[in-house]
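The values are calculated or read from the model by the stated rules, or taken from the named source; none is laboratory data. This one's a predicted model, so the numbers in the text were calculated from it and none came from an experiment. Note: ideal-geometry Cβ built from the backbone for every residue, glycine included; neighbour counts use all protein chains shown. All accessible areas refer to the heavy atoms of the entire protein, side chains included, with ligands and DNA or RNA removed. Shrake-Rupley method; radii C 1.70, N 1.55, O 1.52, S 1.80 Å.
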Amino acid sequence: MARDPENIENEIEKTRDALAASLDALTDRANPKRFVDTGKQQVQAKLADPKIRYALIGVGAVLALAVLKKLFS
C-alpha cells in the first residue's frame, strides 16, 4: 500500500522538529558554563554548612600556627 506524500512530508517535519528539540536539550545540558555554575552552587552549599566551615577554619588555623612555628623556630 502506497503512502500519501503529504503524510510522509508531515512525518518528516515532525521528526525534524523532534530532532531539533533533542539537539537543543543536549546542547543546553552539555554547556560547560552550566557545569561550572552547578559546581559553584554545590561548593557554596557545602561551605554554608557550619560543620564544614568551622572545620576548614580550624585546619587553616592549625596550618597557620605550624607555618609560624616553623618560621620562628
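Taking Cα atoms only, the orientation of helix 32-48 departs from the longest principal axis of the chain by about 40 degrees. Remark on the chain: ratio of C-alpha radius of gyration to 2.2 N^0.38 Å is 2.51.
For Val36 and Ile52, compute 0.36 nm times the residue count separating them, minus their Cα-Cα distance, and round to one decimal in nm.
Value of the extension gain: 3.6 nm.
Of the residues Pro50, Leu19, Ala30, the one whose Cα sits farthest toward the positive end of the charge dipole of the chain, with +1 on the Cβ of Lys and Arg and -1 on the Cβ of Asp and Glu, is Pro50.
3J(HN,Hα) couplings calculated from phi for segment 50-59 with the Karplus curve 6.51 cos²θ - 1.76 cosθ + 1.60 (θ = phi - 60°) are, in sequence order, x, 4, 6, 4, 6, 5, 5, 5, x, 5 Hz; Gly and Pro show x. The order of Glu13, Glu6 by accessible area, most exposed first and with a 1.4 Å probe, is Glu6, Glu13. You can think of it this way: the chain between Ala20 and Leu65 has 10.3 nm of extra reach, that is 0.36 nm per residue less the Cα-Cα gap. Computed over segment 31-73, the Cα gyration tensor eigenvalues convert (square root of 5λ each) into semi-axes of 33, 14, 4 Å, ordered from largest to smallest.
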